[in-house]
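*Asks:* My questions will all concern the structure given below.
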Amino acid sequence: MASTLKIDTVTTPDGTGNITFSRPIVGDGSNLTNLPGGGKILQCLQTIKTDVWSMGTVGTWTDITGLSQAITPASTSNKILIIAHLNVGVGSSGEGHVRINGGNATTYVGDTNSNATRCASSRGQDGNSSTLEAMTLVYLDSPNTTSATTYQIQMMNPTNNNGYLNRSDQAVNASEDGVTASSILVQEIGA
């Protein structure tokens, strides 16, 4: 036997107000009002890059073409969750550093340590130019704006060796070589 529960309002735990549900509860969640606390995902946007990209000038942070995502927050108090997944291949004696640029995300790097490059993640030397390394960057930004903000993944080649996104340095085009995809996803989190 099926049961139906119909509720117009639910009182908050402290009794100071009501939680109101509008029908239907779909979309971006904006029809849910008076919910205690924040944390609702207000929007979710993603860019996927499937082509191969080669690192630029040695020692210079370079935008990875086609691996950025713009988002316009609804409130200055909302946060932006950034999740980037990258597949990086470098030469047998090469390295590749990555970071997020946009909002306050450029501060998501390691502390100063002598001459070391401050970055969010790094693909180091492993003596094998036929491998790819998966990197995942996760950062919760507080951009404090309602203007469009673009989050761009950047990479630096600190040596004269080649570095690539979505393929290995070797790339001999045999069946055992992988050609991959990378992505960036941004979510607006309600305050």
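Read-outs: derived from the displayed coordinates by stated rules, not from any lab. From a predicted model like this one, the values you see are computed outputs, not experimental measurements. In this analysis, Cβ positions are derived from the backbone assuming ideal geometry, glycine residues included, and neighbour counts consider all displayed protein chains.
*Asks:* For a paramagnetic label modelled at 7 Å from the Cα of Ala148 toward its Cβ, which residues of the stretch 70-112 fall within the zone defined by backbone nitrogen distances under 13 Å?
*Replies:* Residues 70-73 qualify, since their backbone N sits under 13 Å from the label point.
*Asks:* Fully extended, how many nm does the chain gain between Val58 and Ser183 (0.36 nm per residue separation, minus their Cα-Cα distance)? Numbers along the way, then the final one.
*Replies:* Values: separation 125, 0.36 × 125 = 45.00 nm, distance 2.37 nm.
Full-extension gain reported as 42.6 nm.
*Asks:* Which is farthest toward the positive dipole end of the stretch 37-189 among Leu132, Pro73, Asn157, measuring Cα position about the Cα centre, with Cβ charges +1 (Lys, Arg) and -1 (Asp, Glu)?
*Replies:* Pro73
*Asks:* If the only charges are +1 at each Lys and Arg Cβ and -1 at each Asp and Glu Cβ, what is the size of the charge dipole of the stretch 37-189 around the Cα centre, to the nearest 20 debye?
*Replies:* Magnitude of the dipole: close to 420 debye.
*Asks:* Now, a different point. Could you tell me which of rounded, prolate or oblate describes the stretch 37-189, using a ≥ b ≥ c as the square roots of the eigenvalues of the alpha-carbon gyration tensor, with rounded for a/c under 1.5 and, failing that, prolate when a/b is larger than b/c and oblate otherwise?
*Replies:* Prolate.
*Asks:* Between Asn113 and Leu140, what is the spin-label point distance in nm, taking each point 7 Å from the Cα along the Cα→C-beta axis?
*Replies:* 2.5 nm
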